[in-house]
Amino acid sequence: MKVILFGATGMVGQGVLRECLIDPGVTSVLSVGRSPTGQQHAKLREIVHGDFTNFSAIESELTGYDACFFCLGVSSVGMDAERYRHLTYDITMAAATTLVKLNPGMVFTYVTGRSTDSTEQGSLRWARVKGKTENDLLKLPFKAAYMFRPAGIQPLHGVRSKTGWINAIYVVTAPLLSWLTRVAPGHMTTSEKLGRAMINVARDGYPKAVLESEDINAI
Ligand SMILES: NC(=O)c1ccc[n+]([C@@H]2O[C@H](COP(=O)([O-])OP(=O)(O)OC[C@H]3O[C@@H](n4cnc5c(N)ncnc54)[C@H](OP(=O)(O)O)[C@@H]3O)[C@@H](O)[C@H]2O)c1
């Protein structure tokens, strides 16, 4: 399986990249980011791209892939509504519409989050925007598209948040988070389980297009 990965420098994307690099069934990974991952690996190639609303200049390099793991995303905290919508909806749809045109046989997986609002009518702004993004992705003519809605994610194997104090919290609470993943799989998963689940679903499919934390942990 040849994979394109967006968001490889983020906490979720680092975990997905790790699992891709160690999975023998993933033959190559193309990271598309605005900054390099800093990693070197025989299976990894990177494109540093400037404008995430327009991929026309790199289309020839985005052809011939089986799966896209779209882990690019931002927190809505402290962000104005239009900017959050732009970074969440516009960027994701720009990438997805380009990829589906170039790779109609592709499986596209998107990371949203628990409580994403499929009705697009609820009270939480971020959840409506993520819901619309999911809904519109599911209308594109990919071979298949899957929406991953993790709740909490425990970073494992050196995966780090880009925010220092968040890393400190993960270190201090690691035993609690491991326990929560076991006893409350609807509320917590790990970067390893999320990466493994994305690879397995892209390869083998899944009965549901929207996967909650329980699904991610059960795969
Ligand atoms: N972390 C969690 O516990 C958690 C839980 C549930 C859901 N999620 C969801 O998972 C997704 C990823 O979260 P994360 O924790 O991995 O976030 P993160 O650590 O902040 O990483 C965000 C990623 O998106 C990229 N990015 C952000 N803005 C960009 C832009 N304007 N243009 C190009 N690339 C951009 C970043 O690239 P740079 O490195 O260049 O900034 C980075 O690769 C989000 O949608 C989030 O809601 C996360």
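The values are calculated or read from the model by the stated rules, or taken from the named source; none is laboratory data. Since the model is a prediction, treat every value here as computed from it, not as a measurement. Please note: Cβ atoms are built from the backbone with ideal geometry, for glycine as well, and neighbour counts cover all protein chains shown. For accessibility, only protein heavy atoms count, side chains too; no ligands or nucleic acids. Shrake-Rupley method; radii C 1.70, N 1.55, O 1.52, S 1.80 Å.
For this structure, a couple of remarks:
- Dipole magnitude (debye, nearest 20) for the stretch 16-62, charges at Cβ of Lys, Arg, Asp, Glu: 160 debye
- Per residue solvent-accessible surface (Å²) - the stretch 124-176, probe of 1.4 Å: 52 Å²
- Overall form of the stretch 114-188: prolate. Here a/c, set by the Cα gyration tensor axes a ≥ b ≥ c, is 1.5 or more, and a/b is the larger of a/b and b/c.
- By definition, a body whose alpha carbon gyration tensor gives a ≥ b ≥ c is prolate when a/c is 1.5 or more and a/b is larger than b/c, and the stretch 7-51 fits this prolate description.
- Each Cα pair under 8 Å and six or more residues apart adds its sequence gap; the mean of these over the residue count of the stretch 1-93 is a relative contact order of 34 percent.
- Each pair of Cα atoms in the stretch 52-110 enters the Kirkwood radius, and Stokes-Einstein at 37 °C and 0.692 mPa s then converts it into a translational diffusion coefficient of 266 µm²/s.
- Portion, in percent, of the accessible area of the stretch 61-219 that falls on carbon or sulfur, probe 1.4 Å: 57 percent
- Considering every alpha-carbon pair of the chain, the percent of pairs per 5 Å bin, from zero through the bin containing the longest distance, is 1, 7, 15, 20, 22, 18, 12, 4, 1, 0.
- Value of [θ]222 nm, deg cm²/dmol, for the chain, DSSP H segments ≥ 4, -39500 (n - 2.57) each, nearest 500: -12000 deg cm²/dmol
- Using Cβ point charges alone (K and R +1, D and E -1), the dipole size of the chain about the Cα centre works out to roughly 220 debye.
- Relative protection proxy for 115-122, 78-85, 67-74, from highest mean packing down: 67-74, 115-122, 78-85 (other beta-carbon atoms within 10 angstrom).
- Net charge dipole size for the stretch 73-187 [Lys, Arg +1 and Asp, Glu -1 on Cβ; Debye, nearest 20]: 180 debye
- In the chain, taking the dipole from charged Cβ atoms about the Cα centre, the farthest positive-side position among Ser191, Val29, Tyr84 is held by Ser191.
- Subtracting the Cα-Cα distance of Val172 and Val48 from 0.36 nm times their residue separation leaves 41.2 nm of extension gain.
- Relative contact order [Cα under 8 Å, 6+ residues apart], the chain, whole percent: 21 percent
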